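The structure appears right after this line, and notes come after that.
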Amino acid sequence: MLKEKLILASQSPRRAEILTTVGWEFEAIAANIDETRFPSEEALTYVTRLAQAKAETVAKQIRSGVLVLGADTVVVIDEEILGQPRNDDDARRMLSLLSGKWHQVVTGIALVRKGDVSSQIKVDQETTRVLFAELAREQIDWYVSTREPQGKAGAYAIQGKGALLIKEIQGDYFNVVGLPIRLVYELWRTQWSVASGQ
């Protein structure tokens, strides 16, 4: 069913693990783009812009006809966008903000197929709501000490020790991990798989 190999425009081990789990063959190439958010840029616009920029940057490096997947994930609470924490103190700040509240995990995805003259691009996004348990300071300090928050949007990993902090989710679990794989599959299936006979 998934006969076409992807180029993943990311070095994220979590996204790689999801693709491996569903049996989607891929190669990972880091995009290394500027991820600075524009002033007043909303979360949905931000993640879809970065996802497309990642995919297009990598597409320029490879041969025509290959399909490239870009993705970017942020956490949003009270209209504040939380990316990856800068340090342990920033991780503690983020976890304190999330404690006892609902927040949104927003992922933008982009599929780009490079052509000889132009590229075909398909962009979409997924949003999942997540409720954190009330966290005592000792719990936050313990979690930060595990080093797991580093490199994670919102300073937690639902697929790791961070699962102990989460009370409820509404929506796509894999989106919270970092890649809404069902959405990626649907975009690929409706856009290209029928045409290519896969």
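The values are calculated or read from the model by the stated rules, or taken from the named source; none is laboratory data. Keep in mind the model is a prediction, meaning the values are calculated, not measured. Here the Cβ positions follow ideal geometry from the backbone for every residue, glycine too, while neighbour counts run over all protein chains shown. Ligands, DNA and RNA are excluded from the accessible area calculation, which covers all protein heavy atoms including side chains. Shrake-Rupley method; radii C 1.70, N 1.55, O 1.52, S 1.80 Å.
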Can you tell me which condition residue 135 does not meet? The list is (1) crowded, with 16+ Cβ neighbours inside 10 Å; (2) closer than 27 Å to residue 44 by Cα, and all the others hold. (2)
Answer with yes or no whether residue 26 is touching a Phe, Trp or Tyr at 6+ places or on another chain (Cβ under 8 Å) and aromatic (Phe, Trp, Tyr). no
Of all residues in the range 132-155, which are touching a Leu at 6+ places or on another chain (Cβ under 9 Å) and over 30 Å from residue 67 (Cα atoms)? 132, 133, 135, 139, 140, 143, 144, 149, 155
Screening 51, 55 for residues that are outside any loop (DSSP other than H, G, I, E, B), of a type in the set (Gly, Ala, Ser) and under 20 Å from residue 75 (Cβ atoms) leaves only 51
Evaluate the range 62-71: report whether one residue or more is touching a residue at least 12 places away in the same chain (Cβ under 8 Å), surrounded by fewer than 16 Cβ atoms within 10 Å (Cβ to Cβ), β-branched (Val, Ile, Thr) and under 19 Å from residue 31 (Cα atoms). yes
Result of the Cβ filter at 7 Å on the range 93-107, keeping first residues that are outside any helix (DSSP H, G or I) and partners that are surrounded by 16 or more Cβ atoms within 10 Å (Cβ to Cβ) and among the aromatic types (Phe, Trp, Tyr), at least 6 apart or interchain, is 99/132; 100/132; 101/132
For the range 115-135, check the following and say yes or no: at least one residue is under 17 Å from residue 18 (Cβ atoms) and acidic (Asp, Glu). yes
Out of all the residues in the range 108-138, which are outside any strand (DSSP E or B) and of a type in the set (A, V, I, L, M, F, W, C)? 117, 133, 135, 136
Out of all the residues in the range 89-104, is one or more modelled with pLDDT of 95 or more, touching a helix residue (DSSP H, G or I) at 6+ places or on another chain (Cβ under 6 Å) and among the acidic types (Asp, Glu)? no
Those residues of the range 20-32 which are open to solvent by 30 Å² or more (accessible area, probe 1.4 Å) and touching a Leu at 6+ places or on another chain (Cβ under 8 Å), in sequence order: 22, 23, 25, 26, 27, 28, 29
Would you point out the residue of the range 138-153, among those that are within 17 Å of residue 14 (Cα to Cα) and in contact (Cβ under 8 Å) with a residue 12 or more places away in the chain, that is most open to solvent (accessible area, probe 1.4 Å)? 150
Only listed residue being open to solvent by 80 Å² or more (accessible area, probe 1.4 Å), at pLDDT 95 or above, at negative phi and out of contact with any Phe, Trp or Tyr (no Cβ under 7 Å at 6 or more places or on another chain), chosen from 17, 35: 17
When the range 154-175 is checked residue by residue, the ones that are open to solvent by 20 Å² or more (accessible area, probe 1.4 Å) and either in contact with a helix residue (DSSP H, G or I) (Cβ under 6 Å, 6 or more places away or on another chain) or outside any strand (DSSP E or B) (or both) are 159, 160, 161, 163, 164, 171, 172, 173, 174
Picked from the range 99-122 (must be out of contact with any Pro (no Cβ under 8 Å at 6 or more places or on another chain) and of a type in the set (A, V, I, L, M, F, W, C)), the residue surrounded by the fewest Cβ atoms within 10 Å (Cβ to Cβ) is 117
